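The next block holds one structure in the form of structure tokens; read it before the comments.
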Amino acid sequence: MPPLPHFFVDNKLEKVLVDLTARLLNSIAAGDWATYTELCSPDLTAFEPEAGEHQIQGLPFHKFFFDLASSKTGPPPAYGVATETAAVAPQPVVTTTVVSPHVRFLCPDRTAALITYVRVVQRAEADGRVNITSSQETRVWELDKKGGTWMCVHFHRSVAASPAPTPQRSASAHCCPYVKANL
């Protein structure tokens, strides 16, 4: 494949977009709605597992999850269900890593870009368990020429399937006759 024309390559600007993406993902992990709305367009569109097959438009869908995370007591009760005062649960420790980011500018004036990457989230729960999840993500960023700021205008997130566990083989099933003979 021939190299991209020079106007589609800008290493400094690529780093800016990778850093903005990391900042956006960290705002999600921290439940920082103010930073999230600073970096996302109000008319953001998205495809993500939580929405099934549907395209999400705007920020209210995402706000629900930020509010849920900040409640510290879990999801709100179903309509009409009486509740008791719940103890505040400790917040989990979360680390988000952007793996293999790739930025591609979509126009010669470099005011729109696409970034693809794998997002790895490590979460240490209060009970000591550690959960690691990964997803493949694509985000589209546009430069607001008036304000000079980049805004995320679209993303697509797919949960990466965990590799299937490898069945353990017993030594007796090993193909080497020496191992079988010395069990």
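The values are calculated or read from the model by the stated rules, or taken from the named source; none is laboratory data. In this text the structure is predicted, and so the values were computed from the model without any measurement. Methodologically, a virtual Cβ is constructed for each residue, glycine included, from the backbone with ideal geometry; neighbour enumeration extends over all protein chains shown.
In segment 34-63, the qualifying residues are those that are modelled with pLDDT of 95 or more and in a helix (DSSP H, G or I), and the one that is farthest from S100 (Cα to Cα) is A34. Considering segment 135-152, the residues that are surrounded by fewer than 15 Cβ atoms within 10 Å (Cβ to Cβ) and within 14 Å of L13 (Cβ to Cβ) include one that is modelled with the lowest pLDDT, namely G148.
Would you be able to say whether some residue in segment 138-155 is within 14 Å of D19 (Cα to Cα), free of Cβ contacts under 8 Å to residues at least 12 places away in the same chain and among the polar types (S, T, N, Q)? Looking for residues that are within 14 Å of D19 (Cα to Cα), free of Cβ contacts under 8 Å to residues at least 12 places away in the same chain and among the polar types (S, T, N, Q), one finds at least one in segment 138-155, hence yes.
For segment 37-47, check the following and say yes or no: at least one residue is farther than 18 Å from S135 by Cβ and β-branched (V, I, T). Taking every residue of segment 37-47 in turn, at least one turns out to be farther than 18 Å from S135 by Cβ and β-branched (V, I, T). Only residues that are assigned to a strand (DSSP E or B) and of a type in the set (D, E, K, R) were counted in segment 108-167, giving 7.
For segment 124-154: of the residues being of a type in the set (D, E, K, R) and under 26 Å from H54 (Cβ atoms), which is farthest from the chain's Cα centre (by Cα)? Result: E142. The condition of being farther than 21 Å from C40 by Cβ and modelled with pLDDT of 90 or more holds for only one of N182, N131, that being N131.
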